[in-house]
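K.L.:
Here it is: the structure, laid out below.
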Amino acid sequence: MDDNFDPEAVARQLQNKVEERRAQGELPADLEESLSRHFRRIVEHKRRFGVPAPLRLDPAVSRLQELLARFDRAIQFDPSGVNVESNVPGGKVFHRAVTKVVKRPVGGVFDQVANALSIVLEMLEMLTRAVDQMDGHLRKQVDSRLSLALDRLSDFDKDVSNGDLHLLRRRLEALEAAEARRVPFDALDLPLELAERLRANEPWGAHSTQIVEMIRRSAPVLDLRAGSGELVRVLIEDGVDAAGAEGDGSLASLAQSSHLPIDHATPLDAIFSRADASLGAVVGRGTLDRVTHADVHYFARVLSMKMRGGGIGLFAGFLPEALESWAPAVADPAFERPKSPEVVAEILLNADFSEVSVRLERGWYLLTAIR
Amino acid sequence: MKALHQILVGASPGDAITSSALLLRAALRGYGESEVFAWFVHPDLEHEILPAQLFEAWIEARREEPVVILHASIGAPELIESILARPGSIVLVYHNMSPPDDVEHFDRQRAENLREGRRELERICSRVQLVVADSTFNAKELEELGYPDVRVMPLPFDPTALSRATSDPEMTNRLETEIAGPLLLFVGQLMPHKRIDWLIQAFHCLVTFSIPNAHLLIVGEDRLPGFRDVLQQYLDELNLGNARIITGVTDAELATIYRKADAFITLSEHEGFCVPVLEAMTFGLPVTARAVGAVPETMAGAGLLLPQRAGPCEAAEFMRAMLDDDEVREGLKVKGARRIRSFIERDHPARMAGEIAEYFQA
């Protein structure tokens, strides 16, 4: 080894190798000069002022930092920046309905967008730091990483145009078109029996005696979707402290005209207005199963909070496969297809209910849960 | 035989000239009385080195004019005046002087001392009987100043002395903790002519284009106020977290560092001898140095010589080869070991002492 090893020959080979790399453009042309200039700047500053040189900021770098700050604010996704105006009749109401329909998928998309943007933000911060310190010799490194980042963002842009976000946009357009064709669903335009049926009130009628027996000793009772007030009336006539809420103004008015304590309110508003641990029983037909996936967990937690320990919850609904589950969707594009009772049971258990049981009937179910 | 006393400007532990003077003293004592005096003496060496300020009194007490062996490496007007005031013989041992221009930016007094040192060389020329340079490069500088018959004798230096030092446990732990990759080492004073800026540039190229996890230790005495700060800022601005500057190390700490290192490199542009090159070879490290000053003769073909005009990319390629290429590593190790054996066998302290003694006996 010693006799054959020639350091001079090795040194020549190594120099030639560098020359080859230079010729192939692997090494930046101004690398050495910019490195030397960089050091001279530090030395000169120290010599003149006796203190370390500050980092030199190019105007472009300053501008980049401003943009970064704007970007930082932009990814906060302020709800006030979302347009809720509409050219079609119904305006905000329609948008609210659309929001319900697309809330979950849009939420998922925004989660991903927010995640991606936070990474982009961090990436830009790091690039900015690199640019802060950039002299010519750093350019190649920063360039390559910047190109990579831009490639990724370009791919993302294609995904937005061609992928899921595009489909979502199409769906929104279709919904808007449907909204334009929508015939407002007015319960009073239908025979009362059908209107009640579409609100899944049938179980109460067929089993009202049995249900009243289950909840009469758990007063006060709140019927979350009271309709025309049939169940509340039965309970009150039986001496039970009961009240109700109905989201449909026509039905609520009808109930109120019969002097029944039925408020015009959504189920969630009705339950939320009650004091904590104040309710002994809550009944709901087409309530938990009709709110969106995003809301149902919140709804169940509020229920749990407002009911006292040992209170009983009775929830009835059509099975997802029942014809009645689909009927309202014909007229209402914002209609939330019912969830299966197993899903509702699981949600209640997660919200601190116990002894959840489900009784299946033909086309509908009755779910009992103890707080 | 007349007494043969050496005089240095400064004496400090780990300093190559001080170590050489002590080795030479041991050899000179074979011919007669010999002491080492220095104008500035580090407290740790007060038991070994006498203060040059007492030289006059020392001579007066002995009533015999000695031969003064003056080690020249920087200007010291008072010291030179006192030597010139005496009638005795003078031997000049020239170790070279750092170029003053770049020093000017950081320490004007030191730059002036270096300029003064060169002027002193001219002033004492006519009084010097014997002139010794520890490299042909240094001899050439003296000849240009008008010195005739300059003898070249390698530095009386024991390259194995450091390798006998035991490892320092704290430094061992620190290196084990902080170094996770191949380690390059530079040892030398933190002075502009050592071109540590080039070294940093080369290291930047190495980690950017070849070995991202490489480490660099810059070990040496912090001689100029503010220069270390400048180097550290350069490292910081280049984001070279794997490069560190360590100053004020003991022999045990330095030996520990040499043992941990994988290769040695210096890109100094002015070297009168370059002791660390031989130390590194003693520790079995492959060595690269810029082919300037006395470096080629000190290396004696046992290391990679980087051409004077080579830039940081070339230096980085040499670094890579020393760290990455087994054939190069092994070849350099073998060459280095042979170079050290040869250097030791020549027993330079004895040869220099013999030449000086014989000159004055004759």
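Read-outs: derived from the displayed coordinates by stated rules, not from any lab. As the structure is a prediction and not an experimental result, all values here were calculated from the model. We place every Cβ from the backbone using ideal geometry, glycine too, and count neighbours over all the protein chains shown.
K.L.:
Considering the Cα trace of the stretch B:135-175, what is its radius of gyration and what is Dmax, both in angstroms?
P.N.:
Here Rg and the maximum Cα pair distance are 18.8, 52 Å.
K.L.:
Points 7 angstrom from Cα along the Cβ direction at A:ASP6 and A:SER258: gap in nanometres?
P.N.:
Modelled inter-label distance: 11.1 nm.
K.L.:
Another question, if that's okay. With r defined as the distance between the Cβ atoms of B:LEU84 and A:ARG48 and R0 fixed at 30 Å, what FRET efficiency is calculated, to the nearest 0.05?
P.N.:
On the way: r = 39 Å, r/R0 = 1.31.
Between B:LEU84 and A:ARG48 the formula returns 0.15.
K.L.:
For A:MET123 and A:GLU20, what is the calculated FRET efficiency with R₀ set at 30 Å and r taken between the beta-carbons, to the nearest 0.05?
P.N.:
Details: r = 34 Å, r/R0 = 1.12.
So the FRET efficiency works out to roughly 0.35.
K.L.:
Would you mind computing Rg(Cα) / (2.2 N^0.38 Å) for the stretch B:1-157, counting N as its residues? Don't skip to the answer; put the middle values down first.
P.N.:
Numbers: Rg = 15.0 Å, N = 157, 2.2 N^0.38 = 15.0 Å.
That works out to 1.00 for the stretch B:1-157.
K.L.:
Next question, about the same structure. Around B:ALA21, with a cut-off of 13 angstrom between Cβ atoms, what is the net charge of the other residues, counting Lys and Arg +1 and Asp and Glu -1?
P.N.:
Details: positive: B:ARG25, B:ARG29; negative: B:ASP15, B:GLU35, B:GLU48, B:ASP134, B:ASP158.
My count for the surroundings of B:ALA21 gives -3.
K.L.:
Compute the Rg/Rh shape ratio of the stretch A:241-306: radius of gyration over Kirkwood radius, all on alpha-carbon atoms.
P.N.:
On the way: Rg = 12.2 Å, Rh = 12.5 Å.
Rounded to two decimals, Rg over Rh is 0.97.
K.L.:
I would also like to ask the following. Can you compute the modelled spin-label distance between B:GLU64 and B:THR160, with each label point 7 Å from Cα toward Cβ, in nm?
P.N.:
In this crude label model, B:GLU64 to B:THR160 measures out at 3.4 nm.
K.L.:
What's the local net charge at B:GLU143, with K and R +1, D and E -1, over the other residues with C-beta under 15 Å away?
P.N.:
Details: positive: B:ARG118, B:LYS140, B:ARG151; negative: B:GLU122, B:ASP134, B:GLU141, B:GLU144, B:ASP149.
Within the 15 Å Cβ shell, the charges total -2.
K.L.:
What are the extents of the Cα atoms of the stretch B:119-199 along their three principal axes, listed from largest to smallest and rounded to whole Å?
P.N.:
56, 31, 19
K.L.:
By the scheme Lys and Arg +1, Asp and Glu -1, what is the net charge of all other residues having a beta-carbon under 13 Å from that of B:ASP222? Numbers along the way, then the final one.
P.N.:
Values: positive: B:ARG110, B:LYS194, B:ARG223, B:ARG228; negative: B:ASP107, B:GLU221, B:ASP229.
Summing Lys/Arg as +1 and Asp/Glu as -1 gives +1.
K.L.:
Here's another thing I want to ask about it. Assuming a ≥ b ≥ c are the square roots of the Cα gyration tensor eigenvalues, decide whether the stretch B:203-265 counts as rounded (a/c under 1.5), prolate (otherwise, with a/b larger than b/c) or oblate. Could the numbers behind the result be given before it?
P.N.:
On the way: a/c = 2.86, a/b = 1.15, b/c = 2.49.
Oblate shape, in that a/c is at least 1.5 and b/c is the bigger or equal ratio.
K.L.:
Non-local amide H neighbours of B:GLY10 (under 5 Å, H modeled in plane, Pro and chain starts lacking H): which ones?
P.N.:
B:TRP39, B:PHE40
K.L.:
Quick check for you: which residues of the stretch B:10-37 have the amide N under 14 Å from the point 7 Å beyond the Cα of B:ARG127 toward its beta carbon?
P.N.:
none
K.L.:
Is the stretch B:165-245 rounded, prolate or oblate when judged by the Cα gyration tensor, a ≥ b ≥ c being the square roots of its eigenvalues, rounded requiring a/c under 1.5 and prolate requiring a/b larger than b/c? The partial results should precede the final answer.
P.N.:
Numbers: a/c = 1.89, a/b = 1.08, b/c = 1.74.
Oblate.
K.L.:
Would you order B:ARG25, B:ARG164 from fewest to most other beta-carbon atoms within 10 Å of each residue's own beta-carbon?
P.N.:
On the way: B:ARG25 21, B:ARG164 10.
With the sparsest Cβ surroundings first, the list reads B:ARG164, B:ARG25.
K.L.:
In whole angstrom, how long is each semi-axis of the equivalent ellipsoid of the stretch B:200-341, when you take the square root of 5 times every eigenvalue of its Cα gyration tensor and sort them from largest down?
P.N.:
On the way: eigenvalues 100, 65, 48 Å².
Its equivalent ellipsoid spans semi-axes of 22, 18, 16 Å.
K.L.:
For the stretch B:60-132, just list the percent of Cα-Cα distances falling in each 5 Å bin from zero outward, please.
P.N.:
P(r) over the stretch B:60-132, rounded to whole percents: 4, 15, 25, 22, 14, 10, 6, 2, 1, 0.
K.L.:
Fewest to most neighbouring Cβ within 10 Å: what's the order for B:CYS125, B:CYS205, B:CYS274?
P.N.:
Values: B:CYS125 15, B:CYS205 25, B:CYS274 28.
Going from least to most buried by this count: B:CYS125, B:CYS205, B:CYS274.
K.L.:
Here's a follow-up. Rank-order B:72-81, A:277-286 by packing density, defined as the average count of other C-beta atoms within 10 Å over each peptide's residues, highest first. Mind dumping the intermediate values first?
P.N.:
On the way: B:72-81: 18.9, A:277-286: 23.2.
Averaged packing, sorted descending, gives the order A:277-286, B:72-81.
K.L.:
So if I restrict to the alpha-carbon atoms in chain B, what is the Rg, and what is Dmax, the biggest pairwise distance, in Å?
P.N.:
For chain B, the Cα radius of gyration and maximum Cα-Cα distance read 20.7, 67 Å.
K.L.:
Can you give the FRET efficiency for B:THR250 and A:ARG37, using 1/(1 + (r/R0)^6), R0 = 41 Å, r = Cβ-Cβ distance, to the nearest 0.05? Show your work: numbers first, answer last.
P.N.:
Details: r = 38 Å, r/R0 = 0.92.
So, using R0 = 41 Å, E works out to roughly 0.60.
K.L.:
Please compute, over every Cα-Cα pair in the stretch B:4-87, the percentage with a separation greater than 23 angstrom.
P.N.:
15
K.L.:
Determine, for B:TRP39, B:TRP58, B:TRP198, the number of other Cβ atoms within 10 Å of each Cβ, and report the residues in order from fewest to most.
P.N.:
On the way: B:TRP39 19, B:TRP58 16, B:TRP198 23.
Taking fewest neighbouring Cβ atoms as first place, the list is B:TRP58, B:TRP39, B:TRP198.
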